[in-house]
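Working notes, beginning with the structure itself.
The values are calculated or read from the model by the stated rules, or taken from the named source; none is laboratory data. All of these numbers come straight from a predicted model, not from anything done at the bench. Cβ placement follows ideal geometry from the backbone for every residue including glycine, while neighbour counts extend to all protein chains displayed. The accessibility values were calculated without ligands, DNA or RNA, using every heavy atom of the protein model including side chains. Shrake-Rupley method; radii C 1.70, N 1.55, O 1.52, S 1.80 Å.
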Amino acid sequence: MKHIATIEISTSYFHRITSGDGIIFLFFQESLNQVLLNENISLNDIGKRIIFHIDFDYFYAQCEEIRKPELRNIPSVVCVYSGREEDSGVVSTCNYEARKYGVKAAMPIRLAKSKLKDVEAIFLPTDMPYYHEISRNAMRIIQNYGELFEQVSVDECYMDFTKITNSDFDDARIFAASLQKNIKDQIKLTCSIGVGPNKLIAKIASGINKPNGITVVSQEDAKRFISNRKIEDIPGVGPKTSKKLESLGIESISDISKKSIFELRDSLGYKIATFLVNASNGIDYSQIKVRGTSKQIGKIVTLKKDIANFEQIKLTANNLCKSVYENLENKRQAFRVLTLILILENLQHVSFSKSLKLYSASFDELHKNSLSIIHEMISNNSISLDNIRRMGIVVSDLKDISGQDSLLNYFEN
Ligand code: DCP
Ligand code: CA
Ligand code: CA
């Protein structure tokens with residue numbers, strides 16, 4: 001049996017955990033409880049995660065370019081006008097053309113205008129309902145990849161790609177490129193993607209190659225990657241924490257990594273000290289926080305090389321349905337949306353979703369619909385069976401039915 005983790009209790013507050021792969025995690029007691037209570041994770045999985053952070057480039061300004069393509073090659077600035085006087089207010093964002101002239105978010109509109117006075121430039125007011133609509137459409141494409149998803153703002157989200165990539169960072173890069181291309185083809189929106197072993201590394205990585213960039217940082221490279229960043233690049237580190245660190249003679253991330261939590265706790269408190277020491281070692285155990293209706297249950301498997309006939313695909317679908325159904329049953333949930341994911345040999349990602357008219361908690365319904373999707377996908381998308389490398393079934397739009405006598409009852413009512 002594989003050694004999963006060793007837990008040593010160092011103090012009543014901290015746990016030092018060495019995973020099977022020799023990776024050391026330091027947990028603040030409260031956070032450890034949170035991690036272990038999360039049913040989706042075992043300690044062994046923490047070291048195997050592949051997390052994407054996706055951030056849309058110059059978002060509001062790019063949304064404007066989508067509906068007015070003539071804006072693409074000239075500086076454009078999206079502004080929040082205060083309405084007090086003409087041009088009073090601040091820049092919300094601007095395209096990369098305008099950034100060449102030093103225009104930035106939060107800058108007074110007048111200052112931005114003076115920077116662009118010698119060139120043709122466009123200034124526009126914000127249109128939030130429109131940006132939200134673009135955001136919803138793009139987020140839907142991302143969610144269709146079918147794993148744990150957390151939207152953090154109108155232009156940013158995290159997604160766990162562990163299952164779909166089989167914890168392989170080379171595959172993750174291909175998925176990132178395919179995701180980027182899908183969003184670009186369907187919505188004309190570019191984004192930058194950071195891929196890392198945790199949310200922290202993914203978030204920092206997505207900012208490295210903007211716009212339209214992909215930065216992949218594997219588990220092994222995480223510490224080196226973060227050592228080369230500035231302390232302020234760690235999300236959540238503001239001027240207050242920076243000052244305190246400075247007063248302790250700490251000037252770089254690598255200085256933090258040489259400290260123990262116990263040396264930092266008096267000035268920073270346990271929570272921040274733990275977070276920073278972990279972060280400076282490239283470690284972050286925070287989980288993807290799946291919200292509301294986007295919760296989903298799914299399973300993806302890698303097919304045997306010689307799977308080429310429809311019977312075997314059906315058998316795999318059957319097993320996937322069983323596993324998904326078991327999970328639904330344990331959690332006493334019904335589903336309404338069913339997504340079938342096929343990953344082809346070239347890692348092209350094909351997914352197809354079906355919304356049922358009513359919530360269902362029936363295995364037969366799950367199975368029948370999965371098979372009909374497979375039929376449809378194979379006939380419509382001319383996917384050849386021997387091209388399929390991985391296959392997954394995901395159910396979403398879940399509803400709690402724990403009050404029902406049995407799942408069967410629920411379905412029959
Ligand atoms: N925003 C804002 N005021 C700010 C910062 C941002 O109104 N001070 C809005 C406009 C941005 C959106 O939030 O388009 C997303 O913010 P980002 O920080 O992600 O910046 P952008 O998407 O504009 O640019 P980047 O390409 O650097 O991500
Ligand atoms: Ca952005
Ligand atoms: Ca952002």
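The residues of the range 94-104 that are within 14 Å of ligand 2 (Cβ to nearest atom) and farther than 13 Å from Asp57 by Cβ amount to a single one, Lys104.
Scanning the range 46-86 for residues that are near ligand 1 (Cβ under 9 Å from one of its atoms) and surrounded by 24 or more Cβ atoms within 10 Å (Cβ to Cβ) returns Phe56, Tyr60, Ala61, Gln62, Cys63, Val78.
Here are Ser178, Ser114, Ser135, Ser167: which of them is out of contact with any Pro (no Cβ under 8 Å at 6 or more places or on another chain) and within 16 Å of ligand 2 (Cβ to nearest atom)? The unique qualifying residue is Ser135.
Taking only the range 130-178 into account, find how many residues are more than 14 Å from ligand 1 (Cβ to nearest atom) and over 24 Å from Met391 (Cα atoms). Looking only at that region, the number is 3.
Of the helices (runs of 4 or more DSSP H) lying entirely inside the range 125-211, not one carries at least 1 residues that are assigned by TED's automatic domain parsing to the domain that holds Val337 and small (Gly, Ala, Ser). Would you mind stating whether Ser252 is surrounded by fewer than 20 Cβ atoms within 10 Å (Cβ to Cβ) and touching a residue at least 24 places away in the same chain (Cβ under 8 Å)? Answer is yes for this residue. Taking the range 255-291 as the range and being in contact with a Ser or Thr (Cβ under 6 Å, 6 or more places away or on another chain), in contact (Cβ under 8 Å) with a residue 40 or more places away in the chain and open to solvent by less than 40 Å² (accessible area, probe 1.4 Å) as the test, the residues that pass are Ile261, Ser280. Here is the figure for the range 36-65: residues that are more than 16 Å from the chain's Cα centre (by Cα), at pLDDT 95 or above and not hydroxyl-bearing (Ser, Thr, Tyr) total 6. Of everything in the range 129-152 that's without any contact (Cβ under 8 Å) to a residue 24 or more places away in the chain and of a type outside the set (D, E, K, R), which residue is nearest to Ile183 (Cα to Cα)? Step by step, filter the range 129-152, then rank; the result is Met139.
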